[in-house]
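What follows is a short report on a single structure.
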Amino acid sequence: MVLPGATLGVLGGGQLGRMFVLAASAIGYRVFVLDPDPSSPAGEIAHQHLQADYDDGDALDRLASECSVITTEFENVPAGALEQLQDCCRVCPGANAVGIAQSRVREKQYVQSLGISCTPFQPVTSEQDIGQAFENMGPDLILKTARFGYDGRGQAVVRDSRQAAQAWQDLNKVECILEQRIDLQTEISCVLARSSMGVTDFFPVAENVHRNGILFTSTVPAGVDEDIQRAACSHAQSIADALDYCGVLALEFFLDQHGKLFFNEMAPRTHNSGHYTIDACYTSQFEQQVRVVCGLPLGSSRAHSAVTMVNLLGDLWEPCEPSWDQIMQDNRVKLHLYGKKQARPGRKMGHFCVLGAPGEETRPRAEQLYSRLHSAQV
């Protein structure tokens with residue numbers, strides 16, 4: 001076990017890293033953050049901010065020499081950086097799991113090899129692939145970049161091969177996938193923690209609502225059948241076990257109108273849809289990340305409250321910072337702002353959670369509070 005008082009390293013200085021720093025510091029750890037941004041949200045509150053690129057060999061050497069264990073807050077860390085660190089110290093999660101999650105093609109092929117259903121897809125590296133995709137899956141597909149796409153970026157709905165070819169050209173012909181659109185009922189996500197000894201614990205399954213390709217709300221308890229939730233957790237367990245995963249892992253699943261479950265994607269880290277755990281669970285996903293990478297016993301992931309988490313994007317900062325009193329008058333609201341210096345449309349600036357008694361419906365009240373906040377800006 002790596003006990004409090006030790007130094008932990010985290011690759012990435014965004015809001016997930018910031019919340020990891022807060023959780024680790026509360027327990028008594030020191031945290032070093034490696035991030036090239038001089039004003040990164042995590043770097044500003046870490047005990048040490050190493051301002052360097054992720055492939056800076058000297059910075060990686062220093063991180064490895066001063067930290068007892070290193071984790072990551074995002075999956076697009078260069079594979080070589082993780083491999084270099086693994087040669088010197090403990091890294092959770094490992095390079096293999098992160099590498100698979102970096103590519104939609106590798107990720108989906110890996111999950112399919114475990115007998116878990118994905119939405120039908122076709123890798124795209126040529127116009128011939130595009131034609132074949134429409135021949136096999138029909139019209140009305142989604143073109144997605146294989147790497148680096150998130151929050152709706154690097155995606156386009158395409159109706160025919162001609163439109164898809166133009167969209168692929170607009171994406172500079174990088175490797176993509178064409179994915180069949182399903183008759184979606186809802187999306188759910190599972191966030192789990194798995195130790196190096198294979199001990200696994202699940203947070204409650206969240207039901208997610210998106211707007212313009214970006215997560216808007218996550219609600220617990222999820223409004224889907226418990227058998228569906230158990231199936232999703234079973235798939236998540238199979239994936240984590242096959243990867244011999246150590247750390248916090250988030251997995252998203254689509255549920256279609258016929259009740260069929262499809263794997264969408266995974267993130268080898270804490271996740272936006274798990275932010276509700278900070279306020280509604282006995283142990284947050286960030287404290288659980290600290291515990292699992294340090295080899296400590298896992299905390300209780302049980303929820304003590306119903307909850308809806310609402311994302312706050314930079315759009316709300318126009319024409320000025322929102323009037324937080326619009327939501328803070330509700331004494332069951334918990335506001336979290338990420339300390340980002342510049343608000344931009346689509347940028348995640350913070351979130352708030354609306355708590356309720358166990359089993360209470362919290363989403364209507366959360367949406368009402370968000371509307372009040374938004375209306376005050378107009």
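Kindly check whether there is at least one residue in the range 84-92 that is part of a helix (DSSP H, G or I) and either among the β-branched types (V, I, T) or surrounded by 22 or more Cβ atoms within 10 Å (Cβ to Cβ) (or both). For the range 84-92, residues part of a helix (DSSP H, G or I) and either among the β-branched types (V, I, T) or surrounded by 22 or more Cβ atoms within 10 Å (Cβ to Cβ) (or both): present.
Quick one: which of R147, R106 is charged (D, E, K, R), assigned to a loop (DSSP other than H, G, I, E, B) and not assigned by TED's automatic domain parsing to the domain that holds F74?
Going through R147, R106 in turn, just one is charged (D, E, K, R), assigned to a loop (DSSP other than H, G, I, E, B) and not assigned by TED's automatic domain parsing to the domain that holds F74: R147.
Can you spot a residue in the range 160-180 that is part of a loop (DSSP other than H, G, I, E, B) and within 30 Å of S371 (Cβ to Cβ)? For the range 160-180, residues part of a loop (DSSP other than H, G, I, E, B) and within 30 Å of S371 (Cβ to Cβ): absent. State yes or no: is K334 more than 22 Å from A250 (Cα to Cα), in contact with a Cys (Cβ under 8 Å, 6 or more places away or on another chain) and surrounded by fewer than 23 Cβ atoms within 10 Å (Cβ to Cβ)? In short, yes.
Okay, residues lined up against (1) outside the structural domain of E75 (by TED's automatic domain parsing); (2) in a strand (DSSP E or B); (3) over 19 Å from I214 (Cα atoms):
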{"position": "L251", "(1), (2), (3)": "yes, yes, no"}
{"position": "F286", "(1), (2), (3)": "yes, no, yes"}
{"position": "V310", "(1), (2), (3)": "yes, yes, no"}
{"position": "N331", "(1), (2), (3)": "yes, no, yes"}
{"position": "K340", "(1), (2), (3)": "yes, no, no"}
{"position": "A343", "(1), (2), (3)": "yes, no, no"}
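The set of residues from the range 104-119 being within 25 Å of A164 (Cα to Cα) and crowded, with 17+ Cβ neighbours inside 10 Å comprises R104, V105, E107, K108, C118, T119. Pairing residues of the range 213-228 that are assigned by TED's automatic domain parsing to the domain that holds A280 and hydrophobic (A, V, I, L, M, F, W, C) with residues that are crowded, with 19+ Cβ neighbours inside 10 Å and in a loop (DSSP other than H, G, I, E, B), at Cβ distances under 6 Å and at least 6 apart in sequence or on separate chains, gives V220/P204; V220/Y276; A222/V205.
Every residue, every condition in (1) out of contact with any strand residue (DSSP E or B) (no Cβ under 7 Å at 6 or more places or on another chain); (2) modelled with pLDDT under 95, yes or no:
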{"site": "A167", "(1), (2)": "no, yes"}
{"site": "A206", "(1), (2)": "no, no"}
{"site": "R211", "(1), (2)": "yes, yes"}
{"site": "A222", "(1), (2)": "no, no"}
{"site": "C233", "(1), (2)": "no, no"}
{"site": "P268", "(1), (2)": "no, no"}
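The values are calculated or read from the model by the stated rules, or taken from the named source; none is laboratory data. All values reported here derive from a predicted model rather than from experimental measurement. Please note: Cβ atoms are built from the backbone with ideal geometry, for glycine as well, and neighbour counts cover all protein chains shown.
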